[in-house]
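Notes for the one structure printed next.
The values are calculated or read from the model by the stated rules, or taken from the named source; none is laboratory data. All values derive from a computational prediction rather than experimental measurement. Using ideal geometry, Cβ is built from the backbone for each residue, glycine included, and neighbour counts are taken over all protein chains shown.
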């Protein structure tokens, strides 16, 4: 091998290379001396083999520790020649067994030749692993940035979705409202609204898009804007009956021809606070629970199919005469999980709410919130939870 094709051997020491090493290197290696007291991070080649003679200042733990750290960050294969008097250095290297190749300073020429050959054969694999590690770290940093950006976007989406919810609940006559709203993640597939329609009428609903997460949340935003509660007719207005509002909403969803599963359930109610007449219609949504004084439950079974299935679907409505002391509960099906009710068994859930008839609505909502917080399971396994309570106060 000519001088031009010699492999470079980084010699880190404050002395000349010993004769046994020079003999072992022969004409295959070109010595490149380095000052052992200078930081080597920038001087280490991209690959290659380094031999360190652990003597003099390098035998001191602090200097040796800094040098070993530099070597570990590089892609060179390091061979350390340890004299017998370097006891502290030998102890440090023993604790890092397997990270460096250690030989005696007076090792035989044949052993040094074999060690240099093994180091040269190992070096390409070390360089490849170092490159893969750098690439993995870079990718990890990029993934962390993307994850942080996605998390921030979800936070913004969560705030935006909550901005669509009513900031205050109207109080008209003896009618009062309370609500519990807990999406399964940053955003959810539940939405509710309570809005005063005129001097005596309040419209309120709970809707539940299929699934939860971003796709369901986007559908809830459409529901919020598309559900018509009243319309202007000439110089006056007309309150849209619940069954008509749901029919028009259903047609709007179907007209969008959304991909995936753009289905949702909803129950929409209007309360006339002057005569305490409740009008409601529902589309595939769990039955509202009407609780009379003393805990008596009255079923409200007006029914229609899911929204977004058949564009010509028509929905039924029913009217109920309310009285002071009555309580109406609208909820999404995520409540069944925290109350441990069998899915589809509305009377089980109704019985639970009936048992709480004598408790203030704030106390009931707090009880539900505490049960939700103590319910085991990961967030992706949970459903969105919404409970809207309307009380007719005495």
Check your understanding: Residue check, residue 139 against (1) at pLDDT 80 or above; (2) over 26 Å from residue 243 (Cβ atoms); (3) assigned to a helix (DSSP H, G or I); (4) in the same structural domain as residue 367 (by TED's automatic domain parsing), all met but one. Which one?
Key -> (4)
Check your understanding: Among the residues of the stretch 134-149, is any in contact with a strand residue (DSSP E or B) (Cβ under 7 Å, 6 or more places away or on another chain) and surrounded by fewer than 19 Cβ atoms within 10 Å (Cβ to Cβ)?
Key -> no
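For the stretch 243-260, which positions are surrounded by 12 or more Cβ atoms within 10 Å (Cβ to Cβ) and either closer than 21 Å to residue 210 by Cβ or not assigned by TED's automatic domain parsing to the domain that holds residue 199 (or both)? Reasoning before the result, please.
Going through the stretch 243-260, the residues surrounded by 12 or more Cβ atoms within 10 Å (Cβ to Cβ) turn out to be 243-254, 256, 258.
Matches in the stretch 243-260: 245, 246, 247, 248, 249, 250, 251, 252, 253, 254, 256, 258.
Just checking, which of 90, 95, 119 is more than 18 Å from residue 50 (Cβ to Cβ), assigned by TED's automatic domain parsing to the domain that holds residue 68 and surrounded by 14 or more Cβ atoms within 10 Å (Cβ to Cβ)?
Details: 95 fails: surrounded by 14 or more Cβ atoms within 10 Å (Cβ to Cβ); 119 fails: more than 18 Å from residue 50 (Cβ to Cβ).
Result of the check over 90, 95, 119: 90.
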Exercise for review: Name, by its number, the condition in (1) surrounded by fewer than 20 Cβ atoms within 10 Å (Cβ to Cβ); (2) out of contact with any helix residue (DSSP H, G or I) (no Cβ under 7 Å at 6 or more places or on another chain); (3) modelled with pLDDT of 90 or more that does not hold for residue 358.
Suggested key: (3)
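Out of 370, 340, which single residue is modelled with pLDDT under 90, at positive phi and either not assigned by TED's automatic domain parsing to the domain that holds residue 194 or not in a strand (DSSP E or B) (or both)? So that I can check it myself, show each step before the final result.
Values: 370 fails: at positive phi.
Every option except 340 fails the conditions.
Restricting to the stretch 163-188, what's the tally of residues that are part of a helix (DSSP H, G or I) and in contact with a strand residue (DSSP E or B) (Cβ under 8 Å, 6 or more places away or on another chain)?
In the first step, residues of the stretch 163-188 are kept if they are part of a helix (DSSP H, G or I); the result is 163.
Retained after the next criterion (residues that are in contact with a strand residue (DSSP E or B) (Cβ under 8 Å, 6 or more places away or on another chain)): none.
Total meeting the criteria: 0.
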Review point. Given 236, 305, 279, which one is surrounded by fewer than 20 Cβ atoms within 10 Å (Cβ to Cβ) and within 22 Å of residue 195 (Cβ to Cβ)?
Key: 236
Check your understanding: Inside the stretch 52-61, can you point out the residues that are at pLDDT below 85 and either surrounded by fewer than 16 Cβ atoms within 10 Å (Cβ to Cβ) or in a strand (DSSP E or B) (or both)?
Key -> 56, 57, 60, 61
Practice item. Tell me which residues, restricted to the stretch 193-213, are crowded, with 24+ Cβ neighbours inside 10 Å and either within 20 Å of residue 171 (Cα to Cα) or at pLDDT 95 or above (or both). Key: 204, 205, 206
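If I filter the stretch 321-330 for residues that are without any contact (Cβ under 8 Å) to a residue 24 or more places away in the chain, surrounded by 16 or more Cβ atoms within 10 Å (Cβ to Cβ) and over 21 Å from residue 200 (Cβ atoms), do I get at least one hit? Don't jump to the end; show me each part of the working.
Keep residues of the stretch 321-330 that are without any contact (Cβ under 8 Å) to a residue 24 or more places away in the chain, which gives none.
No, the stretch 321-330 contains no residue that is without any contact (Cβ under 8 Å) to a residue 24 or more places away in the chain, surrounded by 16 or more Cβ atoms within 10 Å (Cβ to Cβ) and over 21 Å from residue 200 (Cβ atoms).
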Check your understanding: Given the structure, is residue 216 buried (at least 16 other Cβ atoms within 10 Å of the Cβ), at negative phi and either in the same structural domain as residue 313 (by TED's automatic domain parsing) or at pLDDT below 85 (or both)?
Key -> yes
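Assess whether residue 202 counts as being in contact with a strand residue (DSSP E or B) (Cβ under 6 Å, 6 or more places away or on another chain), assigned by TED's automatic domain parsing to the domain that holds residue 384 and within 24 Å of residue 161 (Cα to Cα).
yes
Matching residues to (1) touching a residue at least 40 places away in the same chain (Cβ under 8 Å); (2) out of contact with any strand residue (DSSP E or B) (no Cβ under 7 Å at 6 or more places or on another chain); (3) part of a loop (DSSP other than H, G, I, E, B):
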position	(1), (2), (3)
238	no, no, no
253	yes, no, no
258	yes, yes, yes
265	yes, no, no
269	yes, no, no
274	yes, yes, yes
283	no, no, no
287	yes, no, yes
295	yes, yes, yes
